[in-house]
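The values are calculated or read from the model by the stated rules, or taken from the named source; none is laboratory data. None of the values given here were measured: they were computed from a predicted structure. Here the Cβ is made from the backbone with ideal geometry for all residues, glycine too, and neighbour counts use every protein chain on show.
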Amino acid sequence: MKKIAEKDSKETARMAIARGLAAVVRRDLHAFVVDAGMAALQQLLEDERTAVCGPAHARQPGRKAYRNGHAPGELALGGRRVAVSRPRARSVDGDEVVLPSWEHFGDEDPLTERAVEQMLVGVTTRRYNRSLEPTPASVKTRGTSKSAVSRRFVAATERQMEAWLKRDLSTLELAVIMIDGVHVEDHVLLVALGIDTAGIKHVLGVREGATENATACTALLTDIVERGVATDKAILAVLDGAKALAKAVRNVWGNRALIQRCQVHKLRNVLDHLPEASRAAAKKAIQKAYRSSNAKEAKSLLQALHRKLADEHPGAAGSLDEGLDETLTVKRFGLPEWLERTLSTTNAIENLMGSFRRLSKNVHRWKNAKMIERWMVTAVIDAGARFRKIRGYVGMKKLIAALHAHAASLNPNLDAARKAA
C-alpha cells in the first residue's frame with residue numbers, strides 16, 4: 001500500500017508540473033504571437049511607406065511623397081487599444097499621407113463590437129479587462145477601464161437603438177401582433193412583436209410609458225404604422241388583458257382586429273383574487289377549460305367555475321368573466337394544437353423580457369427612462385438574431401384563412417373580389 005501511495009503521489013506531482021508547464025507555454029505562445037503580429041504590422045506599414053516614398057536615403061527625382069519620421073499611435077487589439085509607433089509620410093505639398101493598413105486597422109468598430117459583445121454575454125464593465133487575453137508586458141495598452149468600456153457600450157447601443165427604431169417595416173406581411181409590457185422601477189416598456197404569414201417573429205417596436213395605458217400603446221402602434229405596418233387587413237392581436245391595449249388596437253385597426261387576451265394573464269388575475277387555499281382548484285379548472293377541444297366546451301367550463309366562485313369570491317368571479325370570450329378567440333379558429341397554444345398567450349414576448357432581465361442583471365441603478373429603453377432595444381435585437389419560427393407555424397395557412405373570413409364578414413364585396421382574383 002505504501003508503494004502504491006508513493007506512486008500516486010509522484011504521478012500527481014508530475015501532472016501538476018505538466019499543467020504548470022502547459023500554462024507557461026500557452027502564456028509564452030500568446031506573447032510570441034502578439035509580438036510577432038506587431039512586428040509584422042510594423043513591417044507592413046514600412047513597406048507601404050516605401051511604396052509611397054521610395055527606398056530610404058535614395059535619390060528619387062519626381063517623388064510625390066517623403067518620409068516624415070514616426071508618431072505615437074494606437075490600434076485595436078483583442079478588445080483594447082495598444083500603442084504602436086506609426087510611420088509617417090507627407091506629400092510634396094505637405095499633406096499627411098494615410099497608409100492603407102493604418103486606416104484599416106485603426107478602425108474603432110472592432111473595439112466597440114468587442115465591448116458590446118462582452119456586455120451581452122454578461123461581463124460587467126468592471127471585469128471587462130479580466131475577460132480579455134493578456135498582452136505581453138512590452139505592449140502598452142489602454143481602453144479597458146470601467147468608464148472607457150461603458151462609454152463605448154453606451155455610444156454603440158445608442159446608435160444601434162436610433163437606427164433600429166427608425167427601420168422600415170413595409171415589407172412585412174403580418175398575421176399577428178402581440179403587445180405586452182415590462183415594469184422597470186417606475187417605468188413600463190411596451191413591446192410590439194409581429195408574426196408574419198410564414199410564422200417568423202419580428203420585434204416591431206418598443207415604447208416607454210408610465211403605465212400600460214391607451215395613450216402609450218396608441219403611440220407605439222402609430223409609430224410602427226408610420227414605418228410601414230399595414231392596417232387595411234384583418235389581424236390577430238394577442239394582448240396581455242389590459243383594456244387600454246385592446247382600445248388602442250381597435251383605434252388603429254378598427255373592427256379588422258380580432259382580440260385574443262392572454263390566457264396566462266387571465267389565470268394570474270383570477271388567482272390573485274383568491275385565497276391561497278382556493279387557488280390550486282381554480283387553476284386546475286381554468287387550465288382544463290383552456291385545453292379543451294373547442295371554444296364551446298371551454299366557455300361552458302369557465303362559466304361553471306364562474307358560478308362556483310360568484311358567492312364566495314365575487315372578485316375572482318368578476319375577473320374571470322371580464323373579457324372571457326376574448327380569451328377563446330384563437331380556439332374558435334380550429335387551429336392545430338401547438339399553434340393554438342402559441343397564439344393564446346403573450347409568452348413569446350415574455351421570453352424577450354427574460355432576455356432583457358438577463359442582460360440587465362448587472363445594472364444596479366437606472367439613470368433615466370432612455371437608459372432603460374436603450375437596454376431593452378439592445379436585448380431584443382440580440383434575442384432577435386436567434387429567433388426561430390413559432391411552434392406550430394405549419395398551421396399558419398389555417399389562421400390566415402380565418403382572418404380572410406373575418407375580413408369578408410365585414411366586407412362581402414372584398415371576399416368576392418379575392419375569390420375572383
Wholly enclosed helices (runs of 4 or more DSSP H) of the stretch 334-407 bearing at least 2 residues free of Cβ contacts under 8 Å to residues at least 60 places away in the same chain and charged (D, E, K, R): 337-343
Index of the failed condition, Val98 passing every other in (1) of a type in the set (A, V, I, L, M); (2) at pLDDT below 70; (3) loosely packed, with under 14 Cβ neighbours inside 10 Å: (2)
From the options Ile390, Ile381, Ile349, residue that is touching an Asp or Glu at 6+ places or on another chain (Cβ under 6 Å) and either within 20 Å of Asp196 (Cβ to Cβ) or surrounded by 14 or more Cβ atoms within 10 Å (Cβ to Cβ) (or both): Ile349
Selection from the stretch 70-87 of residues that are surrounded by fewer than 18 Cβ atoms within 10 Å (Cβ to Cβ) and at pLDDT 85 or above: His70
Condition check for Arg307: without any contact (Cβ under 8 Å) to a residue 24 or more places away in the chain and more than 32 Å from the chain's Cα centre (by Cα): yes
Selected residue [at pLDDT 80 or above, assigned to a helix (DSSP H, G or I) and not assigned by TED's automatic domain parsing to the domain that holds Arg358] from Glu113, Glu48, Glu103, Glu117: Glu48
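Table: residues versus (1) free of Cβ contacts under 8 Å to residues at least 60 places away in the same chain; (2) of a type in the set (A, V, I, L, M, F, W, C); (3) assigned by TED's automatic domain parsing to the domain that holds Phe387; (4) surrounded by 15 or more Cβ atoms within 10 Å (Cβ to Cβ).
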{"site": "Met178", "(1), (2), (3), (4)": "no, yes, yes, yes"}
{"site": "Glu185", "(1), (2), (3), (4)": "no, no, yes, no"}
{"site": "Leu190", "(1), (2), (3), (4)": "yes, yes, yes, yes"}
{"site": "Gly254", "(1), (2), (3), (4)": "yes, no, yes, no"}
{"site": "Gln263", "(1), (2), (3), (4)": "no, no, yes, yes"}
